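Coordinate-derived values only; no laboratory data. On a predicted model such as this, the values are computed, not experimentally measured, just so you know. Using ideal geometry, Cβ is built from the backbone for each residue, glycine included, and neighbour counts are taken over all protein chains shown.
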Amino acid sequence: MGGLAHFIEREGVATTSLSLIREHTEVMRPPRALWVPFPLGRPFGAANEPEFQRKVLTAALDLLETANEPVIVDFPEEAPESVGPGVWACPLNLPPADEGSYTQRLLAEVARLHPWALETRRTRAGRTLIGASGGDPEDVETMATLLGAVADGHDPRELPSEVSGVEWTHHMPYLIRHVADDVRVLYQEAVAARPGVVPPDHAALSTWIFGETVFGEVLQEIGRAYVATGDPRLLRLRGWTIPEGFTEDDESFGPREPGVRGFEGAITSMRYLRGESS
């Protein structure tokens, strides 16, 4: 949307927008943006809260009158608690797996969830959102092996030999982001297979993944591997795979480098992660 705003402004129409991921907005530098501290998919905060939603919309529209140059303004309020059927709990039985390497434990967990994910895919005429990494949607074990290898100590900047035969869409370390997204989809599809279960929202799903699954443990360990490299550019990957509030630091994307403007650091990181620079 930030890019589209630039094109619209060139035609003489003023624009304003909402930002859920501040780092992306800093890269795009739209004419006006209101950053909101809400979960992905909830740009106005919460469902069935018209007064609060109107407050967010008004704050975004107010930027049309006050902002004369590119600006990102922080919305100062948290969203009200969503009203729903109750506290969501995973309906699938995932017994604890405390022994073995991260790879072994993750593969065991994925094996338990895969049949349920396939059931969801069957009810959706074979459709799945797995595939951003370039891996075979039917071969989630290979994706889990890649993540497990990094968690077990493999350099996150290099492709593990165990998965080198796949025609991945991206290079390491950028590939990790898309593999993690694909595996997360597997977990979402597995949960959706149980009849009568209300699907969790983004926050509930993240709480489950990072509080009760081996997958969450693996992502946390990969995040530590990024930090251990000493390369701040890799922290952008951590921010994309571990939501705010689930890392050991204050910010998923890590602290900003002294003297580096946010969007400049983001552009440098993206070029490196895509393999465009060393």
>> Quick check: net charge around E167, other residues with Cβ under 14 Å of its Cβ, Lys/Arg +1 and Asp/Glu -1?
In response: -2
> Which one of T58, I72, V36 is farthest out on the positive end of the charge dipole of segment 2-74, using unit charges on Cβ (Lys, Arg +1; Asp, Glu -1) and the Cα centre as origin?
Replying inline: V36
> log₁₀ I(q)/I(0) of segment 2-74 at q = 0.14, 0.19, 0.24 Å⁻¹, via Debye over equal Cα point scatterers, no solvent, to two decimals?
Replying inline: -0.42, -0.75, -1.09
> What ranking of H178, H202, H114 emerges when the number of other C-beta atoms within 10 Å of each C-beta is taken as an exposure proxy, fewest first?
Replying inline: H202, H114, H178
